[in-house]
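The values are calculated or read from the model by the stated rules, or taken from the named source; none is laboratory data. Not measured: the values here are computed from a predicted model. Positions of Cβ are generated from backbone atoms using ideal geometry, with glycine treated the same way; all protein chains shown enter the neighbour counts.
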2 protein chains.
Amino acid sequence: MNFKEKLSKIVKKNNSLLCIGLDTDIEKIPKHLFKINKTPFLEFNKSIIEATKEFVCAYKINMAFYEVFGKSGFEILEETISYIPKDIIVILDGKRNDIGNTAKMYAKSLFEVLNADAVTVNPYLGKDSVLPFLEYTNKCSFILCRTSNPSAVDFQNLIVSNTPIYQLVARKIKEWNNFDNCGAVVGATYPNELKIIREILGEEIPILIPGIGAQGGDIEKTVKYGTNKSGEMAIINSSRGIIYAAKDESFSEKAKIEARSLRDEINRYK
Amino acid sequence: MNFKEKLSKIVKKNNSLLCIGLDTDIEKIPKHLFKINKTPFLEFNKSIIEATKEFVCAYKINMAFYEVFGKSGFEILEETISYIPKDIIVILDGKRNDIGNTAKMYAKSLFEVLNADAVTVNPYLGKDSVLPFLEYTNKCSFILCRTSNPSAVDFQNLIVSNTPIYQLVARKIKEWNNFDNCGAVVGATYPNELKIIREILGEEIPILIPGIGAQGGDIEKTVKYGTNKSGEMAIINSSRGIIYAAKDESFSEKAKIEARSLRDEINRYK
């Protein structure tokens, strides 16, 4: 089963375009977990996954939040992945990229060693740096197109022959989609850009959309502009708004409520 | 002691602008090491460092080649760093970048957990994604400007108001250099671009220059165009040409000969 088949199946099963970002931050997880467990980080992820798994199509794991714990972070990352039910998409968000022979190693690490269904890739080095990821034809590579941060404009909105760079990146993504395994990352904080990018990408390329919730992206516009005509091919990510919905013993129950409510809100706008 | 002081000291001590890239690839290291040691990877790095440490100013560790071994790769990475003499610069080449709160985690991981002297950073997300690295004022962040691969042209050479993007990135690097801790990555495979970038950056910003050796960059032009007027502020990297100089028992001896010879050749052109 390739990425898009797996995505389509879980989207239908859980009736959800919601992705939860496991940006697990030791400073933000509930304090009581430190009393009952030596590895509160892992306990936290397990509880969040257990509580929310009926309401999502994907989990996005932000690699920086694991790398910061060195070797043990790597163990937590692997164990977290093992807690995610096999029919839910696992996106490893590391925004890796390098020249060809190095990109090959990153792709191997993410797709083979960690067995991700999808990854995020930075396009700055051009086609030969992205191809080693695309050689994994059953997986999906979400290429950064228009990121959700304020400084995204610094380079992504520069104009080349009347066209902003992020649109040129979107065109390249379409061009590089020979194996039907490219995706784009577009921040929900820029709905107009999202709309234009969906038009460029057409109906078949999935868009990973972070930036709703803590970052302030509008949910209605995200759904309207991000999905294709069938209301599909968008994976809408929320991290902090769900996983830190409460800081006490009720954290997983509150995360569940938030996840269900956000899933339903997304579905209302389809 | 900050990065530039440390760099200046070791450049003088070893009379060298040479950096050796530890892109250690299990498929390329001498076969006999597998017979005598369970961790040939580490034994290889140790031997290379021991043989070449008098002739370099820095070692560049290409993180992808370690991540591909998962948890044990992380251990090898840490141990490799511990073998590098304390007065030699350690550059962690991971080309990381993300939005602000995530970039902070990457910076912490690389500078605090792994204690790198310098890192490589991708600029595609703009200023707010680079600042968390620059907050480590005693360290150096080498920002990708013009990479050494053929597809670098895809985006880095696009023209914005008569100026190619890579030059705009160089200008930003100069602008972001408030703490005197920015550097640029420029491939030796593009000498004309290197010359222009050195002119934009001025005398004080170091350039990390990969691409000589296996990738074919010209050494004379690299030195002439990459250094400042005092013949400094360039860190010239070779990986495969040195570490795989021989595939038999003589590998470290040959690496030593190659390293000394390359250091001397670089010095001749200063």
Out of (1) within 19 Å of the chain's Cα centre (by Cα); (2) surrounded by 15 or more Cβ atoms within 10 Å (Cβ to Cβ); (3) on the phi < 0 side of the Ramachandran plot, the one residue B:257 does not meet is (1)
Answer yes or no: is there a residue in region B:144-152 that is more than 10 Å from chain A (Cβ to nearest Cβ), surrounded by fewer than 24 Cβ atoms within 10 Å (Cβ to Cβ) and under 20 Å from the mean Cα position of the chain (by Cα).
no
Just checking, does region B:32-50 include any residue being of a type in the set (A, V, I, L, M), free of Cβ contacts under 8 Å to residues at least 40 places away in the same chain and either closer than 30 Å to residue A:152 by Cα or surrounded by fewer than 19 Cβ atoms within 10 Å (Cβ to Cβ) (or both)? yes
The residue that is farthest from residue B:129 (Cα to Cα), considering only those in region A:74-92 that are buried (at least 16 other Cβ atoms within 10 Å of the Cβ) and within 8 Å of chain B (Cβ to nearest Cβ), is A:75
Per the filter on region B:4-41, residues closer than 17 Å to residue B:263 by Cβ and either in a helix (DSSP H, G or I) or among the aliphatic types (A, V, I, L, M) (or both) are B:7, B:8, B:9, B:10, B:11, B:12, B:13, B:17, B:18, B:20, B:22
Counted residues in region A:144-173 being under 15 Å from residue B:129 (Cβ atoms), assigned to a helix (DSSP H, G or I) and among the β-branched types (Val, Ile, Thr) come to 1
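How about region A:11-26: which of its residues are surrounded by fewer than 17 Cβ atoms within 10 Å (Cβ to Cβ) and at pLDDT 90 or above? Give the steps one after another, and end with the answer.
Just the residues of region A:11-26 that are surrounded by fewer than 17 Cβ atoms within 10 Å (Cβ to Cβ), to begin with: A:12-13, A:15, A:26.
Listed by number, the residues that qualify are A:12, A:13, A:15.
With the requirement that a residue be among the β-branched types (Val, Ile, Thr) and either under 17 Å from the mean Cα position of the chain (by Cα) or surrounded by fewer than 20 Cβ atoms within 10 Å (Cβ to Cβ) (or both), what does region B:153-170 give you? Spell out the reasoning first.
From region B:153-170, those among the β-branched types (Val, Ile, Thr) are B:153, B:159-160, B:163, B:165, B:169; that's our starting set.
Matches in region B:153-170: B:153, B:159, B:160, B:163.
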Residues of region B:106-143 being assigned to a helix (DSSP H, G or I) and surrounded by 24 or more Cβ atoms within 10 Å (Cβ to Cβ), in sequence order, are B:106, B:107, B:109, B:110, B:129, B:130, B:133
- request: With respect to residue A:232, determine if the residue is closer than 20 Å to residue B:124 by Cα, acidic (Asp, Glu), surrounded by 16 or more Cβ atoms within 10 Å (Cβ to Cβ) and more than 13 Å from chain B (Cβ to nearest Cβ).
  value: no
- Could you say whether any residue in region B:190-202 is in contact with a Leu (Cβ under 8 Å, 6 or more places away or on another chain), surrounded by 24 or more Cβ atoms within 10 Å (Cβ to Cβ) and touching a residue at least 24 places away in the same chain (Cβ under 8 Å)? no
